[in-house]
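Single-structure report; data block below.
The values are calculated or read from the model by the stated rules, or taken from the named source; none is laboratory data. Since the structure is predicted, the reported quantities are computational estimates derived from the model, not experimental observations. Methodologically, a virtual Cβ is constructed for each residue, glycine included, from the backbone with ideal geometry; neighbour enumeration extends over all protein chains shown. The protein model used for the area step is the full one, side chains on, heavy atoms only, and it has no ligands, DNA or RNA in it. Shrake-Rupley method; radii C 1.70, N 1.55, O 1.52, S 1.80 Å.
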Amino acid sequence: MHRVLGDRRAVLILLGPALLVYSLIMLVPTLWSLGYSFTKGNTIDGFTGNGLDNFQRLFTDPDVRSALWFTAKYAVTVTAGQVVAGYLLALLYVFFLKKASALIRTLVFFPVVLPTVAVGLLFKNFFQVGPQTGPVNSLLNAVGIESIDFFGDPGHAFWVLIAMDIWRSMGFYAVLLFAGLVDIPDEVLESARLDGASGPRLIRHIVLPMSFPVLMSSLIFSINGTLKAFDSIIALTNGGPGNSTSPLTLYMFQTSFTYSDYGYGSTIALLLTIVCLMVTLVVFRASRRDLTKD
C-alpha cells in the first residue's frame, strides 16, 4: 500500500477520474456562477457586465436581510431539534430498547424516505383551517378553542415548518448517532458503572465524549442541509405568508428564474455559499475542544 501511495502515477490514476467528475459537477458550475455575479441579464436578453453593482445591491436589499435572518433562525432551530431528537432516540435504542429497537428504528426512519412534497401536503392538510378543517383545528375545536390559521400567521407557519422538518429527518440522525453509540466498547461502559457512574452521569462523562465525533458530523450534516433548505419550504408554505418564511435559497430561485435576473441570483448564491463555509469552519473549530477534560 505504501508503494502504491508513493507512486504519483498510481495516485493520479486512482484519484484522477473522481477529481474530474467532482470538478465538472461542483467546481465548474461554482466558478461559472461566480462569473455571472458580475453581469446582469438572462439567456433570452443576453448578459452584460455590470461590475460590482450586484454586490452593492446585495448589501442594501431589505429582502436579502429578511431572507438571511429567516435562514439563520430556521437553520439553528431545526438543527438543534434534529440533532437533539436524534441523539435522544439513539440513546433510547442503545440503552433501553437494545435488541428490540429494530422495529422502532424502522418506523422512525420511515419519514426520511417519503417524498418531501408528500410530507408537505400531509402537514398542510393536518394543520389546515379551510376549506376543510384539519385534525389539529378539529382537536382545538373539541376542547373549546377557536380554529387557528396556521399558514396565515408568520409565527405559526414558522413553527409548523420546524415541526415538519424535525419529524421528517430525525430518524436519519437517530440512525447516524446510533451507529456511533454502538461503537462504544462495552468494557468502558461496564467499568464506568462499576465506578458508580449511571444514568445522566454515565451519559455526560462517558457516552457524550466518546460519541462526540459522530455528534459533530451530525451537526455539520444538519446545519449545511438546513441552510440550503428549499423543497420542504416550497411544499409547505411556498415562502408565505408574504415572504415571512422565504430563505435565501427560495429568494435566489425566484430572482433567477421568476424574475430572470441571473446575475443577482448568482450573487445571492455566492452569499449562501460563504455562509455555509463560515458555519462549517466555526463548527470544526468548536469540535477541537476535548470534552473529557471538563
- SASA check, residue 146, accessible area w/ 1.4 Å probe, all protein chains in place, rounded to nearest 10 Å², comes out at 150 Å²
- Task: For the range 99-167, evaluate the Debye formula with one uniform point scatterer on each Cα (no solvent term) and list log10 I(q)/I(0) at q = 0.18, 0.24, 0.25, 0.26 Å⁻¹, rounded to two decimals.
- Result: -0.76, -1.04, -1.09, -1.13
- Task: Return the long-range amide H neighbours of residue 50 (sequence gap of 5 or more, or a different chain), with a cut-off of under 5 Å between placed amide H atoms.
- Result: 39, 40
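If each residue of separation counts as 0.36 nm, what is the full-extension length gain between residue 69 and residue 143 once their alpha-carbon separation is subtracted? Please report the intermediate quantities before stating the final value.
Values: separation 74, 0.36 × 74 = 26.64 nm, distance 3.59 nm.
Computed gain between residue 69 and residue 143 is 23.1 nm.
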- Item | Normalised per residue, the volume of the convex hull around the Cα set of the chain (Å³) | 221 Å³
- Query: Given 20 °C and 1.002 mPa s, how large is the Stokes-Einstein diffusion coefficient of the range 64-116 in µm²/s, with Rh as the Kirkwood radius over Cα pairs?
  - Reply: 163 µm²/s
- Hydrodynamic radius (Kirkwood) for the range 191-262, which is based on Cα pairs only, to one decimal in Å: 15.6 Å
- Label residue 186 and residue 24 with points 7 Å out from Cα along Cα→Cβ: what is the distance between them in nm? 4.9 nm
- Item | Pairwise centroid distance, computed over Cα atoms, of the range 65-93 with the range 94-133, Å | 17 Å
- Between the modelled labels at residue 159 and residue 88 (7 Å from Cα along Cα→Cβ) the distance in nm is 1.6 nm
- Kyte-Doolittle cut-off -1.0, length cut-off 30 Å along the helix's own axis using Cα: show which whole DSSP H helices in the chain pass. 62-91, 154-181, 262-286
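How high is the relative contact order of the range 107-150? Use alpha-carbon pairs under 8 Å, at least six apart in sequence, and give a whole percent.
26 percent
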- Item | Kirkwood Rh in Å, taken over all unlike Cα pairs in the range 153-207 | 13.9 Å
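Please list the three semi-axes, largest first and in whole Å, of the ellipsoid equivalent to the range 146-294, using sqrt of 5 times the eigenvalues of its alpha carbon gyration tensor. Present the calculation step by step, with values, prior to reporting the outcome.
Numbers: eigenvalues 317, 85, 26 Å².
Square roots of five times the eigenvalues give 40, 21, 11 Å.
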- Task: Put one equal scatterer on each alpha carbon of the range 26-123, apply the Debye formula with no solvent term, and list log10 I(q)/I(0) at q = 0.21 1/Å to two decimals.
- Result: -1.13
